[in-house]
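Readers should treat all values here as calculations from the given coordinates under stated rules, not as data from a laboratory. Just so it is clear, the structure is predicted and the values come from calculations on it, not from any experiment. Note that each Cβ is placed from the backbone with ideal geometry, even for glycine, and that neighbours are counted across all protein chains shown.
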Amino acid sequence: MTNIPMPPKSSTFASRPTLLGAYDKRLTAWPLAQAMIDVGVSQGISSASLLRGTGLFLEDVANGSSMSARQLSQLSMRAHKSIKNRDAGLQIGRMLTSSHMVGPLSLVLRCSSMEHCFSLLPQLRWGCMPLVHWRSYIHDDSVYVVPQNTFGVTEQWPFLVEIAFAWIVSILRQGTGKRFPVNIDFAWSRPRNIYDYEEFLGTRLRFDQAITLIRMPQEAWDTDFLMADNDWITTGMAPLKKQPMFALSEHVQDMLLKQPDITAAQIADSLAMSLATFKRRLAEHNMSFKQLSDDIQKQHALMMLQTCRANTQELAEAFSVSDTTNLRRFIKRLTGMTLTQIRDSMS
């Protein structure tokens with residue numbers, strides 16, 4: 001069977017992580033919230049208009065008060081709908097490594113490398129980019145970084161990906177002081193403001209792809225950061241390690257990767273909650289167990305095709321499908337595309 005590249009092992013924590021719900025006010029990503037507000041205000045939109053319906057007040061953001069994922073999601077939706085500038089998300093992402101690089105964000109450029117940065121993001125991201133988490137795959141001399149929808153946001157997902165990708169590309173450029181060739185695939189169509197994308201993300205862009213991801217050379221992943229400071233990292237990470245958190249969707253996907261045939265009831269039991277409570281908590285994330293299971297299988301299949309160029313037999317073996325006809329139906333159900341369409345889009 002094809003040697004499918006797997007994500008790195010999850011980070012270990014000093015104490016048992018806390019399950020973070022969509023309504024739990026535990027997030028400290030106020031620099032991201034402030035960046036959204038500042039871009040909106042620069043376009044003549046009042047902060048009150050952007051914050052309407054979120055349950056947040058300007059003084060909450062200014063004072064660094066904790067917020068919930070639902071509140072941040074609502075703010076991102078307001079920003080996405082209200083700000084007319086097509087490059088707003090890209091601007092916000094870059095601001096997180098410049099004017100708004102405070103709190104946990106100040107740690108990312110002190111990491112030793114891009115690999116080190118991503119190893120810390122499971123703990124850092126609650127104060128940086130809490131609505132997005134990442135899975136990274138290494139194959140041959142390339143690293144593939146795939147954004148994951150942590151709390152089930154819907155229509156503003158491309159907007160959040162723009163923010164996240166602009167942030168990651170800016171970290172790489174500023175951290176290494178180099179402009180490595182970074183390839184970025186988007187699952188949506190080519191935007192009208194392609195020049196904005198090229199300014200913030202580079203020119204190696206593809207649209208209408210089967211999966212959204214960043215691909216960078218292994219050298220970019222391993223290159224030392226110019227401002228690396230282990231003492232700074234140790235001091236900054238200490239309080240985060242004392243109160244680690246995890247999101248339900250991320251935990252479910254991790255378990256499905258380790259044990260593809262695990263059931264919802266088994267995962268609920270591992271979390272010491274009833275099946276009904278487990279389903280309700282997933283619903284708060286706008287998700288279901290079947291959806292998460294399908295998503296992780298879809299990503300697994302697409303990464304086999306993207307990185308290993310897996311053939312039909314290898315895919316059938318990986319997913320325990322008896323014949324090619326059933327495999328083609330299985331792939332079409334997961335992705336909405338035929339194997340031929342997927343391969344053509346990746347060529």
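At-a-glance table
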{"read-out": "Convex hull volume of the chain per residue (C-alpha atoms, cubic angstrom)", "value": "133 Å³"}
{"read-out": "Percent of beta bridges antiparallel (DSSP, the chain, rounded to nearest 5)", "value": "75 percent"}
{"read-out": "GNM top mover of 255, 36, 304 - the chain, alpha-carbon springs below 10 Å", "value": "255"}
{"read-out": "The range 220-338 shape via C-alpha gyration tensor axes, a/c threshold 1.5", "value": "oblate"}
{"read-out": "Gained length - residue 266 relative to residue 141, 0.36 nm times residue gap less alpha-carbon distance", "value": "41.3 nm"}
{"read-out": "Links that overshoot a 28 Å alpha carbon limit, given the list 25/279; 25/81; 81/241; 258/332; 25/242; 258/290", "value": "81/241"}
{"read-out": "Centre separation in Å (Cα based) which lies between the range 240-284 and the range 154-186", "value": "29 Å"}
{"read-out": "FRET efficiency estimate (nearest 0.05) - Cβ-Cβ, residue 312 to residue 276, R0 41 angstrom", "value": "0.55"}
{"read-out": "Shape parameters for the range 37-128, alpha-carbon atoms, Rg then Dmax in Å", "value": "14.3, 40"}
{"read-out": "Net charge of neighbours whose Cβ lies under 13 Å from the Cβ of residue 155, counting Lys and Arg as +1 and Asp and Glu as -1", "value": "+2"}
{"read-out": "Net lengthening on full extension, residue 288/residue 238 (0.36 nm per residue, minus Cα-Cα)", "value": "14.6 nm"}
{"read-out": "At least 24 Å along the helix axis (C-alpha) and Kyte average at least 0.0, DSSP helices within the chain", "value": "157-176"}
{"read-out": "Inter-label distance for residue 323 and residue 84, nm, one decimal - labels placed 7 Å from Cα along Cα-to-Cβ", "value": "5.9 nm"}
{"read-out": "Cα-based radius of gyration of the range 79-211 once divided by 2.2 N^0.38 Å, which approximates compact folds", "value": "1.01"}
{"read-out": "Förster-model FRET efficiency, 22 Å R0, residue 347 and residue 198, C-beta, rounded to 0.05", "value": "0.50"}
{"read-out": "Most mobile listed residue (85, 149, 183) in the chain, GNM with C-alpha springs under 10 Å", "value": "85"}
{"read-out": "Estimated inter-spin distance, residue 178 and residue 155, nm [label 7 Å along Cα→Cβ]", "value": "4.3 nm"}
{"read-out": "Gain in span if fully extended, residue 208 to residue 258, counting 0.36 nm per residue against the direct Cα distance", "value": "15.0 nm"}
{"read-out": "Ranked 222, 141, criterion: other C-beta atoms within 10 Å, fewest first", "value": "141, 222"}
{"read-out": "Estimated 222 nm signal from helices in the chain, with DSSP H stretches of n ≥ 4 weighted -39500 (n - 2.57), rounded to 500", "value": "-14500 deg cm²/dmol"}
